[in-house]
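Novice: Structure in structure tokens, see below.
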Amino acid sequence: MFRILVSDKMSGDGLKPLLDAENVEIVQQNVADVEEQLHTFDALLVRSATKVTEELLSKMSQLKIVGRAGVGVDNIDIEAATKHGVVVINAPNGNTISTAEHTFAMMASLVRHIPQANISVKSREWNRSAFVGTELYGKSLGIVGFGRIGTEIANRARAFGMDVLVFDPFLTKERAIKMGVTVCTLDELLQTADIITVHTPLTKETKGILNKETIAKTKKGIYLLNCARGGIIDEEGLIYHLENGHIAGVALDVFEVEPPQSSKLLDFEQVITTPHLGASTKEAQLNVAAQVSEEVLLFLDGNPVTSSINLPTLSKEVYEKIQPFHLLAKQMGNIVSQCMKEPVHDISIDFEGSVTDLETSYITKSLITGFLRPRVDSTVNEVNAGIIAQERGISFGEKYIPNNSGYENCITVKVSGDHSAFEIKGTYVPHYGQRIVALNGFDIDFYPVGHLLYIQHTDKPGVIGRVGQILGEHGLNIATMQVGRKNKGGEAIMMLSFDKQLEQASLNELKNIQDIVSIHTIEL
Ligand SMILES: NC(=O)c1ccc[n+]([C@@H]2O[C@H](COP(=O)([O-])OP(=O)(O)OC[C@H]3O[C@@H](n4cnc5c(N)ncnc54)[C@H](O)[C@@H]3O)[C@@H](O)[C@H]2O)c1
Ligand SMILES: O=C(O)[C@H](O)COP(=O)(O)O
């Protein structure tokens with residue numbers, strides 16, 4: 001008999017597969033109310049309210065799987081779950097339509113002042129001139145994050161006669177054309193849009209993507225919406241621009257702290273809110289609860305799951321052999337992703353030497369995971385990386401080539417975009433570790449970990465010295481440094497590593513050095 005704890009409110013109909021199963025006992029109670037029994041549960045089903053922390057996982061010693069009835073898994077410590085050997089699954093598309101519809105309802109309410117007018121009429125007022133609105137027709141809608149929900153918003157916006165601008169570093173031109181949207185940079189979107197809505201996951205890149213500085217670049221009278229995650233629009237920045245009259249209106253379904261009892265945002269007339277209701281429809285709740293219930297049952301019965309966030313489906317023995325290459329490939333993907341500054345449509349992976357004796361399809365998936373991670377969110381893993389790449393219009397393929405690199409094993413990755421390409425080679429040396437041995441045809445040798453700085457420059461006396469001097473002036477200690485060049489006096493590269501992340505001021509100074517062609521920071 002498996003014991004399953006359902007700790008947030010979920011659709012009874014959605015839970016039916018579990019309620020009907022003979023080998024399952026369901027307890028529908030808050031985590032805090034079953035403190036004494038936590039060690040007895042095999043599965044835990046949550047929405048966004050329950051925080052699945054390291055501490056909770058440590059108490060749930062029998063736990064095998066956490067099912068998130070929804071999309072965002074930022075309330076679950078995925079790393080801790082993985083460490084505890086707990087599979088985490090979610091229901092990625094069950095609430096897409098509901099959230100898109102809610103965002104659209106918020107947008108219409110915002111520009112027509114519907115919540116404010118409703119309060120006014122119910123206060124026995126009839127003040128028609130106080131609530132003159134703005135049409136959506138003919139306006140530019142800027143969508144930051146063009147995934148499942150962003151795409152559905154764009155479809156609805158086009159039906160309303162709006163122009164749709166999209167910023168998503170991950171979107172290829174082909175997909176944008178197919179979807180009838182205009183791709184632009186974040187700055188272009190900020191300067192052009194009349195209304196901006198965010199639909200990214202909350203990651204370290206998207207946290208505060210709209211803030212005091214970026215909101216200042218928008219048109220005066222801008223409308224902003226956040227129905228994704230609290231913190232994507234920085235709340236201090238919002239307050240600043242609401243106070244100075246730059247923003248015409250804000251619609252918020254989510255907050256940095258929920259519930260936002262002490263938030264000053266609630267005091268502004270032009271801010272309209274809902275209490276995290278994006279996914280709160282009968283349909284979405286039925287979908288997400290049914291999806292996770294079915295998956296959890298399958299998993300407990302010993303079957304593989306399809307929407308796992310964290311664990312690969314490999315035996316322990318095979319996994320141990322693959323592990324060093326899995327790490328190498330993931331870091332290689334991550335490096336390439338951070339160095340390529342445009343959408344990528346093709347990734348080719350060549351394997352040579354002893355690595356070809358292993359299950360390379362898994363290594364390829366690790367590489368694609370590493371590539372997607374800086375661009376999508378923590379839900380990408382070896383299980384779902386291939387599907388997500390496909391969804392984003394990125395093709396990838398692997399092949400085995402004759403072993404002539406000079407290394408016992410070698411992985412070569414080439415990624416291509418519309419205007420540029422990037423190539424990286426890596427190898428694993430037992431007892432020495434993972435090494436990157438070539439970048440864009442330059443021989444080099446570095447350990448792919450930590451805070452890195454990749455510089456392309458002209459091979460001239462004084463360039464390396466000047467770099468060292470500027471870093472020294474900023475109090476930055478160079479931990480390791482490798483240089484490479486093809487010809488004397490020609491193109492050259494440097495790879496430096498540091499104990500801490502570099503600040504923008506030092507990078508700006510480095511960029512000004514004559515003979516430096518480009519600079520990329522890489523965080524691994
Ligand atoms: N309010 C709610 O109740 C509710 C309901 C569902 C989802 N959500 C939130 O909405 C988010 C989006 O959901 P989805 O299903 O569309 O996810 P998705 O993964 O399909 O789409 C996210 C998109 O964001 C893009 N992105 C990632 N980093 C970016 C960056 N730095 N700049 C611009 N774009 C970036 C990705 O490329 C991707 O296309 C979820 O992560 C979740 O947190 C909220
Ligand atoms: O990420 C999600 O799926 C939404 O934020 C919904 O969260 P909820 O399940 O708590 O409504």
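The values are calculated or read from the model by the stated rules, or taken from the named source; none is laboratory data. What you see is a predicted model, and the numbers here were worked out from it, not measured in a lab. Reconstructed Cβ throughout: ideal geometry from the backbone, glycine too, with neighbour counts over all protein chains shown. Accessible surface areas use protein heavy atoms only, side chains included; no ligands, DNA or RNA. Shrake-Rupley method; radii C 1.70, N 1.55, O 1.52, S 1.80 Å.
Novice: For region 68-91, how many residues are more than 19 Å from the chain's Cα centre (by Cα) and either within 16 Å of ligand 1 (Cβ to nearest atom) or surrounded by fewer than 21 Cβ atoms within 10 Å (Cβ to Cβ) (or both)?
Specialist: 3
Novice: Quick one: which of 283, 236, 256, 295 is in contact (Cβ under 8 Å) with a residue 12 or more places away in the chain and over 22 Å from residue 95 (Cβ atoms)?
Specialist: Checking each option against the conditions leaves just 236.
So that you can scan it fast, the table gives a plain yes or no per residue for (1) part of a strand (DSSP E or B); (2) open to solvent by less than 50 Å² (accessible area, probe 1.4 Å); (3) within 10 Å of ligand 1 (Cβ to nearest atom):
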| residue | (1), (2), (3) |
| --- | --- |
| 103 | no, yes, yes |
| 118 | no, no, no |
| 135 | no, no, no |
| 149 | no, yes, yes |
| 157 | no, yes, no |
| 165 | yes, yes, no |
| 170 | no, yes, yes |
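Novice: State whether one or more residues within region 247-256 are modelled with pLDDT of 95 or more, of a type in the set (Asp, Glu) and more than 14 Å from ligand 1 (Cβ to nearest atom).
Specialist: No, every residue in region 247-256 fails to be modelled with pLDDT of 95 or more, of a type in the set (Asp, Glu) and more than 14 Å from ligand 1 (Cβ to nearest atom).
Novice: Of all residues in region 418-428, count the ones that are charged (D, E, K, R) and either within 14 Å of residue 439 (Cα to Cα) or crowded, with 16+ Cβ neighbours inside 10 Å (or both).
Specialist: In the first step, residues of region 418-428 are kept if they are charged (D, E, K, R); the result is 418, 423, 425.
With the extra rule that they be either within 14 Å of residue 439 (Cα to Cα) or crowded, with 16+ Cβ neighbours inside 10 Å (or both), the set shrinks to 423, 425.
Number satisfying all stated conditions: 2.
Novice: Are any residues in region 429-455 open to solvent by 50 Å² or more (accessible area, probe 1.4 Å), in a strand (DSSP E or B) and touching a residue at least 40 places away in the same chain (Cβ under 8 Å), and if so, which ones?
Specialist: 443
Novice: Among the candidates 397, 406, which residue alone is at pLDDT 90 or above, out of contact with any strand residue (DSSP E or B) (no Cβ under 7 Å at 6 or more places or on another chain) and surrounded by fewer than 22 Cβ atoms within 10 Å (Cβ to Cβ)? Steps first, answer last, please.
Specialist: Numbers: 397 fails: out of contact with any strand residue (DSSP E or B) (no Cβ under 7 Å at 6 or more places or on another chain).
Sole residue among the options that is at pLDDT 90 or above, out of contact with any strand residue (DSSP E or B) (no Cβ under 7 Å at 6 or more places or on another chain) and surrounded by fewer than 22 Cβ atoms within 10 Å (Cβ to Cβ): 406.
Novice: If I filter region 59-67 for residues that are assigned to a helix (DSSP H, G or I) and either open to solvent by 20 Å² or more (accessible area, probe 1.4 Å) or touching a strand residue (DSSP E or B) at 6+ places or on another chain (Cβ under 9 Å) (or both), do I get at least one hit?
Specialist: There is at least one residue in region 59-67 that is assigned to a helix (DSSP H, G or I) and either open to solvent by 20 Å² or more (accessible area, probe 1.4 Å) or touching a strand residue (DSSP E or B) at 6+ places or on another chain (Cβ under 9 Å) (or both).
Novice: Say we look at region 42-55 and pick out the residues that are away from ligand 2 (no atom under 12 Å from the Cβ) and buried (at least 22 other Cβ atoms within 10 Å of the Cβ); which of these is farthest from the chain's Cα centre (by Cα)?
Specialist: Among those that are away from ligand 2 (no atom under 12 Å from the Cβ) and buried (at least 22 other Cβ atoms within 10 Å of the Cβ), it is 43.
Novice: Counting only residues that are aliphatic (A, V, I, L, M) and part of a loop (DSSP other than H, G, I, E, B), how many does region 68-84 have? Step through it out loud before you land on a result.
Specialist: Pass one, region 68-84, residues aliphatic (A, V, I, L, M): 69, 71, 73, 76, 78, 80-81.
Restricting the remaining residues to those that are part of a loop (DSSP other than H, G, I, E, B) gives 69, 71, 73.
Qualifying residue count for the region: 3.
Novice: Going by what's in this entry, would residue 415 be described as under 21 Å from residue 171 (Cβ atoms) and open to solvent by less than 10 Å² (accessible area, probe 1.4 Å)?
Specialist: Judged against the criteria, residue 415 is a match.
Novice: Follow-up question, since we're still on this one. Of (1) away from ligand 2 (no atom under 15 Å from the Cβ); (2) over 20 Å from residue 133 (Cα atoms); (3) in contact (Cβ under 8 Å) with a residue 40 or more places away in the chain; (4) in contact with a strand residue (DSSP E or B) (Cβ under 6 Å, 6 or more places away or on another chain), residue 196 satisfies all except one. Which?
Specialist: (2)
Novice: Let me ask something else. Output the residues belonging to region 14-33 that are in contact with a helix residue (DSSP H, G or I) (Cβ under 9 Å, 6 or more places away or on another chain) and not polar (S, T, N, Q).
Specialist: Residues satisfying the conditions are 14, 15, 16, 17, 18, 19, 21, 24, 26, 27, 31.
Novice: Suppose we filter region 24-52 for residues that are in contact (Cβ under 8 Å) with a residue 40 or more places away in the chain, out of contact with any Ser or Thr (no Cβ under 9 Å at 6 or more places or on another chain) and assigned to a loop (DSSP other than H, G, I, E, B); how many remain?
Specialist: 2
Novice: Out of the residues in region 1-19 that are of a type in the set (D, E, K, R) and within 16 Å of ligand 1 (Cβ to nearest atom), which is most open to solvent (accessible area, probe 1.4 Å)?
Specialist: By that ranking, first place goes to 9.
Novice: Considering region 274-294 alone, what residues qualify as being open to solvent by 20 Å² or more (accessible area, probe 1.4 Å), within 11 Å of ligand 2 (Cβ to nearest atom) and within 10 Å of residue 14 (Cβ to Cβ)?
Specialist: 285, 287, listed by residue number.
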